[in-house]
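The values are calculated or read from the model by the stated rules, or taken from the named source; none is laboratory data. Predicted model, so just to flag it, every value in this text is computed and none were measured. Here the Cβ positions follow ideal geometry from the backbone for every residue, glycine too, while neighbour counts run over all protein chains shown. The accessibility values were calculated without ligands, DNA or RNA, using every heavy atom of the protein model including side chains. Shrake-Rupley method; radii C 1.70, N 1.55, O 1.52, S 1.80 Å.
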Amino acid sequence: MISKRIVLHFPHRLVDQPIVYKLVKDYDLQFNILKAYVTPQEEGLMVLELVGEDDNFNKGIEYLGSCGVKIQPLSQDVIRNEAKCTDCGACVPICPTNALVIDPLTRKVHFYDNKCIACELCVKVCPPRAMEVHF
Amino acid sequence: MRTIKEINQKIKKGEAIVVTAEEVIELARKKGVKQAAREVDVVTTGTFGPMCSSGAYFNVGHCKPRIKIGGGTCLLNDVPAYTGFAAVDISLGATALPDDDPRNKVYPGEFKYGGGHVIQELVSGKDVRLEVTSYGTDCYPRKKLETYININDLNEAVLFNIRNCYQNYNVAVNLSDKIIYTYMGALKPRLGNANYCSAGQLSPLLKDPYYKTIGIGTKIFLGGGIGYVAWQGTQHNPKVPRKANGIPQAPAGTLAVIGDLKQMKPQWLVGTSMLGYGVTLIVGIGVAIPILDEETLKYAAVSDEEIYTQIIDYSQNYPQGIPGSLGEVNYAQLKSGNITIQGKDVPTGSLSSYSKAREIAEELRVWIKKGDFLLTEPVAPLPGAESDYTFKPMKEKPVNLQGGLS
C-alpha cells in the first residue's frame, strides 16, 4: 500500500474532465480531497491524499501524467523558511493535524510535512511569517 | 560572599564560573543553594519575545541645502516616523504602519510591513527609502527630500525600547464562540488554545525578582549587541501579588533599554506581523546576574515549576478591562503542551521563543568567559515591591463635546 499527499495542477483544457473519477474506477485508488480550487489563470489545483496498492498507485500516477496533469508531493509546496522561523511555537496549537510540534527538550519547532494538509492556517498566524506556500 | 568588583576581576583573569539560568537550577538541586552560591559567580538569562514598545531614533545627517524634518513629515519605506524633534532627528516606533496599510478593514488584517520591519532591515544593512516633506525656513530652505539611507551612514542609530523584558506575562485564552486575533496570537473559540509569552526560568527579571542586581545602568545583551537598562519600563508594576518565593504571579516589573543599533544583529531584532493586531518587533535581551550571596543564587535558581501566572480571557475581560483570572498555572505546565482550564484540556502555544532565549543566555556566557563583557553596578535601583510605584488605569474626565468650557 502507498499513501501519499500530492498536489495536482490541471491545465485549463482538463478542468472540465472527470479525472479523479478514473483514479477510483480504473485504478481502485482511495482519495481524500484536502483542497481544491480553480486559480485566476483557470488552472485547476487539487491537494489529494491518495491511497492504494503499489502497482495501482504507480499506474494511477502514470495516468495522471499522461493526461497532462502536473504532480508534485505536497511536502515541496508547504515549506518552513528556516532563516525566518524563531521557534516560538505560536503555530503549534493552531495546526489541526499536529504537523507543527515543539520538541520538549530542544524547544525547537518541528514541521512534519507528511502530516501537513495545506490548510494554510499557520501561514498568517506565524509572527515572523516563516511558513510559505508555493502551489 | 562576593562583590561585582571581585567578579569582574575573575572575569578578566578568565576564572569566573558562569552558568546559564537553566544550568543553575540543576546545580542548586544537586549541590544545594549554599554550595552552588559558593561555586557560581554569574548566571546568564535570556528572552526573545515580541515587544510593541520598541523603537529607535536616528540622526540622519544634514543634506544640502538643509531641510528641517522637525515639524514636517517623514517616511521610512513608507512607514511614518515621528518628527517632533530638531532638524534631522527622527524616531520610529515598532508598531508604525504605512498610511495605505488597510489595517483591519479587511479583517483580520495581515500587517505585513511596519516599523519593526524597517528597524530589522536597517540593522541588516539594507538601504531604506527616506521621504521628507517640510515647510522651509530661512535656515532650512529645502521642502522635499527623497533618498536612500543606510545605517552605516547615519550619525546615530539607537534602539530605545521604553518597555521590554516583562517580568512574567498573562496566559491568553478565548471564552467566546468566535476566533479572536490578539497581540497574544490567534485564540481559537471556547478555550481552543492558551498562549503564553515568557521565557519563564530563563527570563531575566524572573531570576532577580526583587531587582537586587538589575537596576538603572545595568549592561545587557540587547539585540545581539551591548545595551543598558535606561530606566524602569513603562507600566512597571512591582507591587503585584507574589508567591512565597518572591516571584510575581502576574505581569510585574519592566525595563526601558537602550543601545547602539549599529552593532546589533538582524537575527535578534525581528520585525513581526500579528494577524488582526499589528506590527511589532521581537527583541533579544540577556542579562547577567552576579551571584553576590546565597539569596541572589536562590532566586536565580527558581525553576518553571515555581513560576506561576494568570489565565486571562481576551474575548471579554481583557478588552473591557474587567479584572479576573480563570486560574493560575506554572511554566512547566505551560511547556508540557497542555493545561486544564475549567475542566477542559487546552493546548498551549508560546509567542516567546524559549530556544532563542537559551541561545542568548549561552551567547552572553561566552562573552563573559572570553572577558568581553564585564558586569556593572546599577547606578540607581528600580522601584521595588516595597515602593509605592504602581500601574494605574486611565482616569477619564468627561469632555464637553459641544465646545466651550464645561
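What the table shows:
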{"item": "Residues of the range B:60-83 that turn out to be within 30 Å of the chain's Cα centre (by Cα) and open to solvent by 60 Å² or more (accessible area, probe 1.4 Å), as a count", "result": "3"}
{"item": "Qualifying residue in the range B:328-335 (condition: modelled with pLDDT of 95 or more, out of contact with any strand residue (DSSP E or B) (no Cβ under 9 Å at 6 or more places or on another chain) and within 14 Å of chain A (Cβ to nearest Cβ))", "result": "yes"}
{"item": "Members of the range B:1-51 found to be farther than 22 Å from B:Asp304 by Cβ, part of a loop (DSSP other than H, G, I, E, B) and open to solvent by 20 Å² or more (accessible area, probe 1.4 Å), listed by number", "result": "B:Met1, B:Arg2, B:Thr3, B:Gly14, B:Glu15, B:Ile17"}
{"item": "Any hit, the range A:26-42, residues being within 14 Å of chain B (Cβ to nearest Cβ) and basic (Lys, Arg)", "result": "no"}
{"item": "Hits in the range A:59-80 - residues which are under 15 Å from the mean Cα position of the chain (by Cα) and among the polar types (S, T, N, Q)", "result": "A:Gln72, A:Ser75, A:Gln76"}
{"item": "Out of A:Ala36, A:Ala99, A:Ala90, sole residue that is exposed (fewer than 14 other Cβ atoms within 10 Å of the Cβ), without any contact (Cβ under 8 Å) to a residue 40 or more places away in the chain and of a type in the set (Gly, Ala, Ser)", "result": "A:Ala36"}
{"item": "Of all residues making up the range B:349-396, the number that are more than 28 Å from B:Lys239 (Cα to Cα), of a type in the set (Val, Ile, Thr) and in contact with a strand residue (DSSP E or B) (Cβ under 6 Å, 6 or more places away or on another chain)", "result": "2"}
{"item": "Any chance B:Asp388 is assigned to a loop (DSSP other than H, G, I, E, B), at pLDDT 95 or above and open to solvent by 60 Å² or more (accessible area, probe 1.4 Å)", "result": "yes"}
{"item": "Breaking point among (1) at pLDDT 95 or above; (2) not in a helix (DSSP H, G or I), for B:Ser406", "result": "(1)"}
{"item": "Scope the range A:1-30; condition in a loop (DSSP other than H, G, I, E, B) and open to solvent by 70 Å² or more (accessible area, probe 1.4 Å); matching residues", "result": "A:Met1, A:Asp16, A:Gln17, A:Pro18, A:Asp28"}
{"item": "Subset of the range B:259-278 (residues that are away from every other protein chain (no Cβ under 14 Å) and surrounded by fewer than 20 Cβ atoms within 10 Å (Cβ to Cβ))", "result": "B:Asp260, B:Lys262, B:Gln263"}
{"item": "Criterion violated by A:Asp113 - all others in (1) free of Cβ contacts under 8 Å to residues at least 40 places away in the same chain; (2) within 14 Å of another protein chain (Cβ to nearest Cβ); (3) of a type outside the set (Val, Ile, Thr); (4) assigned to a loop (DSSP other than H, G, I, E, B) satisfied", "result": "(2)"}
{"item": "In the range A:124-135, the residues that are surrounded by fewer than 18 Cβ atoms within 10 Å (Cβ to Cβ) and outside any loop (DSSP other than H, G, I, E, B)", "result": "A:Glu132, A:Val133"}
{"item": "Strands (runs of 3 or more DSSP E) within the range B:102-199 that include 1 or more residues away from chain A (no Cβ under 14 Å), within 30 Å of B:Gln333 (Cα to Cα) and open to solvent by 30 Å² or more (accessible area, probe 1.4 Å)", "result": "B:156-164"}
{"item": "When residues of the range A:81-135 are limited to those that are farther than 28 Å from B:Leu281 by Cβ and polar (S, T, N, Q), the one nearest to the chain's Cα centre (by Cα)", "result": "A:Asn114"}
{"item": "Of residues in the range B:65-94 being in contact with a helix residue (DSSP H, G or I) (Cβ under 6 Å, 6 or more places away or on another chain) and part of a loop (DSSP other than H, G, I, E, B), the one farthest from the other protein chains (Cβ to nearest Cβ)", "result": "B:Asn77"}
{"item": "Residues of the range B:215-245 classified as open to solvent by less than 10 Å² (accessible area, probe 1.4 Å), touching a Lys or Arg at 6+ places or on another chain (Cβ under 9 Å) and either at pLDDT below 95 or in a loop (DSSP other than H, G, I, E, B) (or both), total", "result": "4"}
{"item": "Residue in the range B:275-282 that is free of Cβ contacts under 8 Å to residues at least 40 places away in the same chain and touching a helix residue (DSSP H, G or I) at 6+ places or on another chain (Cβ under 9 Å) present", "result": "no"}
